[in-house]
Amino acid sequence: MNKYLLIVTTLFFSLSASAQDKVEMADLMRSNGKIYTVVAVCLTILIGLFIYVFSIDRKITKLEKEQSVK
Amino acid sequence: MVNKIWWKILSFLLLVYTIVAGFLLPVPRLNILNETIRNLYFHVCMWMGMMVLFAISFYHSVKYLRHQNFRSDIASSSYAALGSFFGILGYATGFLWVNVTWVTDQGQSIGSVLKEPKLIGAAIALLIYGAYFVLRGSFTDIDKRARVSAVYNIFAFAMLFPSIWIIPRLVGSLHPGAPGSDSGNPALDRTDLDSTMRMIFYPAIIGWTLLGVWIATLKIRLELIKNKNIINE
Amino acid sequence: MISSFDEFYYFALMNQQTLALLKKDILLEFRQKHTFYGILLYIAATIFVIYLSLPESPDAQIWNSLFWVIQLFVCVNAVAKSFLQESKGRMLYFYSIANPAQFIFGKLIFNVLLMLLMSLISLCLFFVFLDNPLSNVFQFAGIVILGGMGISLVFTLMSAIAAKAQQNAALIAILGFPVILPQLLLLMKLSKVAFGEVFREGALFQLAGLTLLMDILVIVLAVILFPFLWKD
């Protein structure tokens, strides 16, 4: 009984291990370096967004100063 | 602290780190999720950010009832607005993610996905804050609006937490790591999360939340300028 | 601190003024019978419409969901007027004779009683029109009482908020539904026990306890928050 269980579990583990290897990931994108393009695009958007928010922040600060002067 | 610049730069750096490390570092290879597991750094952070923003809104509502300061009312409504915005983004991104994982690969119908406890919780939160803004809109008297909406905010937020705790015990979950689910995906459950992913996930939460807080403070300052004559300082 | 808090509100609960306010609400209900009969008619009409629109009597699951959804709408209608009917002048009068905790307690108790009555009536009507799929009627009646209490407590506070906004029952529904949703799901789950579904050991009491805890949470929140709605 025990032996049988052992065989089944080893079989199961080897199966799941082979399944692990076959999981499809974007490996090609990584190997030919195109993933860096994706990162660059996202970074550009992020930086643009932050510059925009920063400029709004500055404008509001200026408005606040103007109001406190009045 | 709020007007200092360092935490805005910190938010920027953390998000740059999130994008660079989030796309380039290795993630666990898993069926169904595949490469989309990286969504954890973006989609889940929206929910976390939403909860934090709602919590801050709650805090300001309590403060309003204690001190009757009009600033707190503006703050609480601004944080609630930003929180709802994050929630909508979370729903939208979640919808995209659901389409390629649960619906396509697990064969769930959209109907069964919508009954998922985390989605119910999120829907309740969004409905509550939708109601909050409807309530705000129905007043003309500013003082009354501030008071009554603060009361509703506190009540609803206090009811939200037991709800979020109760619902997963009533409905089975598709989300990994939740009680009642048996899919061992390495996300959300603290003990279950892959260590490299954790290294990116936590900074990502902080980064996105700080960005949300920043935009909310901008909104508050703008409202304060607009209502200068009411506040009279 | 905690004990003095408890004592204070225990006192308020048992207080003469609370009872007087409760009595006034009941008296008013008797005087203005038309609103009371209005709700009764509402229940009867709704259930009759369901009866006519369903081809045959619904199975247990649907019966259960229908019942709770009807409860929800009955509650919105029954409780809605509790604050809306009070005119400004009358509120001012109450303000001068009672404190907010007493006032909200009076309202809460009255609405719970009203809702219990309505729940039991709609349960009977459900039996008449839509059959009886229950395996244990008394258990279900108990759950209905528990649930009616919870729903009416939440909607009393919502009614107080909506009254401040000078709004109709629609606002109460908008405000209350997201808040009541988890409790409603809890009740639907809990009431499956009366349909003969077997629960895990202790799960039944856990669910019932949770419902009670939610009720207590609502009462505590109502007592803390109502004073802020009160002063004008």
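The values are calculated or read from the model by the stated rules, or taken from the named source; none is laboratory data. The shown structure was predicted, so the numbers you read here are calculated from the model rather than taken from an experiment. Heads up, the Cβs are rebuilt from the backbone with ideal geometry, glycines too, and the neighbour counts pull from every protein chain shown. Remember, those area values only see protein heavy atoms, side chains included, never the ligands or the DNA or RNA. Shrake-Rupley method; radii C 1.70, N 1.55, O 1.52, S 1.80 Å.
Assorted remarks:
- Which numbered condition B:PHE42 misses (of (1) surrounded by fewer than 17 Cβ atoms within 10 Å (Cβ to Cβ); (2) closer than 20 Å to B:ASP194 by Cβ; (3) of a type in the set (Phe, Trp, Tyr)): (1)
- The set of residues in region A:20-68 that are under 23 Å from B:VAL16 (Cα atoms), of a type in the set (Asp, Glu) and at the interface with chain B (Cβ under 9 Å from one of its Cβ atoms) contains only A:ASP57.
- Of the residues making up region B:185-197, none is at pLDDT 90 or above and open to solvent by 60 Å² or more (accessible area, probe 1.4 Å).
- Residue identified as of a type in the set (A, V, I, L, M), modelled with pLDDT under 80 and part of a helix (DSSP H, G or I) among C:LEU92, C:LEU52, C:LEU72, C:LEU40: C:LEU92
- Residues of region C:207-225 classified as surrounded by 14 or more Cβ atoms within 10 Å (Cβ to Cβ) and more than 17 Å from C:VAL112 (Cα to Cα), total: 5
- Checking B:TRP6, B:TRP47 one by one, the residue that is farther than 27 Å from B:PRO117 by Cα and either more than 14 Å from chain A (Cβ to nearest Cβ) or surrounded by fewer than 20 Cβ atoms within 10 Å (Cβ to Cβ) (or both) is B:TRP6 and no other.
- Scanning region C:194-206 for residues that are open to solvent by less than 20 Å² (accessible area, probe 1.4 Å) and either at pLDDT below 80 or within 12 Å of chain B (Cβ to nearest Cβ) (or both) returns a single hit, C:ALA203.
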